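Rule-based calculations on the coordinates, nothing more; no lab input. Here the structure is a predicted model, which means the values were calculated and not measured. Don't worry about glycine lacking a Cβ; one is built from the backbone with ideal geometry, like all the others, and counts go over all protein chains shown.
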Amino acid sequence: MAILIGDTAPDFTLESTEGNIHFHDYIDGSWAVLFSHPRNFTPVCTTELGFTAKLKPEFEKRGVKVLGLSVDPIEDHRRWVGDIEETQGTALNFPLLADPKGEVARLYDMIHPNADNTLTVRSVFVIGPDKKVKLKIEYPASTGRNFNEVLRVIDSLQLTARHQVATPVNWENGEDVIIVPSVSNEDAKTKFPEGWKELKPYLRIVAQPKG
Ligand code: BEZ
């Protein structure tokens with residue numbers, strides 16, 4: 001059965017480049033990004049993992065633990081890590097999960113048989129501290145993902161969780177946001193004492209809350 005936004009992220013135990021990981025224990029109240037790549041020793045994946053390693057301070061700032069996964073064996077992950085550092089200028093600094101039997105890949109629907117019967121597509125799951133899936137993105141094998149976009153969505157999700165605001169089209173961190181429809185004007189007066197701009201009763205624009 002497909003994993004959908006709002007579902008509990010399935011638990012699993014797998015070997016990784018940082019030892020055995022029991023997923024729910026590992027994320028332990030943090031936000032998490034779990035992403036798959038099709039295969040080790042491939043060009044697009046090498047660039048993605050290097051760039052994601054560079055973003056580690058940004059993920060840490062947001063309290064997010066990052067984990068990569070492919071159906072390659074752990075020995076191959078260990079051999080590939082050197083290539084990532086050599087070509088991308090950053091050592092891998094987050095766990096790469098080895099799922100050679102494809103069990104977790106199937107659990108998360110990361111294998112799309114009409115694309116490839118055994119390899120994972122480029123899936124991204126953002127999981128909240130409540131272990132629920134907050135975001136699911138899927139890219140084909142030949143298209144490298146935009147991990148800046150993953151950070152942007154995490155910023156939006158965290159603002160919604162903390163302040164009951166949503167983010168408009170093409171929003172970037174620091175720009176105005178939208179008061180979610182479930183907040184009444186009465187409650188909004190307390191939450192946003194500096195006021196908001198009401199373009200329509202359902203479209204209330206407010207400066208991005210701090211914190
Ligand atoms: C890759 O680098 O992972 C890749 C590139 C082209 C097609 C499929 C995968």
Return a whole-number percent for the relative contact order of the chain, with Cα pairs under 8 Å and 6 or more residues apart as the contact set.
21 percent
Theoretical ellipticity at 222 nm over the chain - DSSP helices of four or more residues, -39500 (n - 2.57) apiece, nearest 500:
-9000 deg cm²/dmol
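Excluding residue 197 itself, what net charge comes from residues whose Cβ is under 12 Å from its Cβ, given Lys and Arg +1 and Asp and Glu -1? List each step's numbers first, then the result.
Values: positive: 200, 204; negative: 176, 194, 198.
Here the count lands on -1.
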With Cα coordinates, the longest principal axis of the chain makes an angle with the long axis of helix 147-163, in degrees rounded to 10, of 40 degrees
Listed by chain and number, the lysines with an alpha carbon less than 29 angstrom from that of residue 101, same-chain partners under 8 positions apart left out, are 56, 65, 131, 132, 134, 136
What dipole magnitude, in Debye to the nearest 20, does the chain give about its Cα centre under +1 on Lys/Arg Cβ and -1 on Asp/Glu Cβ?
620 debye
Using only Cα atoms and rounding to the nearest 10 degrees, what angle (0 to 90) does helix 74-88 make with the longest principal axis of the chain?
70 degrees
Tilt relative to the chain, helix 43-54 - C-alpha long axis, 0 to 90 degrees, to 10
50 degrees
With label points set 7 Å from each Cα along the Cα-to-Cβ direction at residue 132 and residue 103, the distance between them in nm comes to 2.8 nm
Grab the Cα-Cα distance for residue 175 and residue 202, subtract it from 0.36 nm times how many residues apart they are, and report the gain in nm with one decimal.
7.8 nm
Ranked highest first by average number of other Cβ atoms within 10 Å, how do 91-100, 9-18, 167-176 line up?
91-100, 9-18, 167-176
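So, R0 is 25 Å and r is the distance between the beta-carbons of residue 2 and residue 149; what FRET efficiency does that work out to, to 0.05?
Numbers: r = 22 Å, r/R0 = 0.88.
Given R0 = 25 Å and the Cβ-Cβ separation, E is 0.70.
Would you mind putting 126-139, 195-208 in packing order, based on average other-beta-carbon counts within 10 Å, highest first? Intermediate values should be presented prior to the final figure.
Values: 126-139: 17.1, 195-208: 13.1.
Ranked from most to least packed, the peptides come out as 126-139, 195-208.
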Provide the gained length on full extension for the span residue 187 to residue 160, in nm with one decimal, where the gain is 0.36 nm per separating residue minus the Cα-Cα distance.
8.2 nm
How high is the relative contact order of the range 1-85, in percent, counting Cα pairs under 8 Å that sit 6 or more residues apart?
33 percent
Selection from 113, 150, 199, by position along the positive dipole direction of the chain (Cβ):
199
